[in-house]
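One structure is given here, and the rest of the page talks about it.
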Amino acid sequence: MFPGTLVAWVGEVGSSRVGRVNMDAAGAGRVIRRVASTVRRMRPPYEVFVLVRRRDEYLILHRSPRQGAYWHCVAGGVEEGETYAAAAVRELREETGLDAEPVDLGRPYDYPLEDPEHQRMRGSVSIHVECFLAEAPAEWEPQLDWEHDEYRWCGADEAVALLYFPEPREVLRNVVAL
């Protein structure tokens, strides 16, 4: 390393801690001082959307106020090196506790990122979403994570009425029509 070289180490979820390490004159690696700041890691512009069905009802989750306070389904980002299918399994387990193998619906959609800051953070002007369907056991109930504060099992019409975004509503309508 050279004097003043930048190094990075993992910090909080969603950010990296970056520090400048000032080396001694010989560059022997002795840290003289560290200057740190927090920067956000760029999230890939890929997400999954997972409908959970139990008989003829669909699981609709309410996102906590910190997360926007709207009705949605299981959803989340695809992590670097992860397949869409693996992301769907992980998000389903993290957000509801359901251990299942979601089926790819073959109905992807894209939604635009209108905020320039979000475009910069995601490295894209839109997000690509792959959609899945998971079947829940008859008596199963979700164990919500911190992202959600309420859930409902709804018939298709009620679920469509609750969902905040138009693309998930259309995905649900297509699943019901199958």
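Data table
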{"quantity": "Residue in the range 125-134 that is in the same structural domain as Val52 (by TED's automatic domain parsing) and surrounded by fewer than 13 Cβ atoms within 10 Å (Cβ to Cβ) present", "calculated": "no"}
{"quantity": "Candidates Leu61, Leu92, Leu144, Leu51 - the one that is under 18 Å from the mean Cα position of the chain (by Cα), surrounded by 16 or more Cβ atoms within 10 Å (Cβ to Cβ) and over 27 Å from Leu178 (Cα atoms)", "calculated": "Leu144"}
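The rows are residues; the columns are (1) in a helix (DSSP H, G or I); (2) modelled with pLDDT of 95 or more.
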site: His128; (1), (2): no, no
site: Leu133; (1), (2): no, yes
site: Pro142; (1), (2): no, yes
site: Arg152; (1), (2): no, yes
site: Glu158; (1), (2): yes, yes
site: Ala161; (1), (2): yes, yes
site: Arg169; (1), (2): yes, yes
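The values are calculated or read from the model by the stated rules, or taken from the named source; none is laboratory data. Note that the structure is predicted; figures quoted are calculated from it, not measured. Every residue, glycine among them, receives a Cβ derived from its backbone with ideal geometry; neighbour counts consider all protein chains shown.
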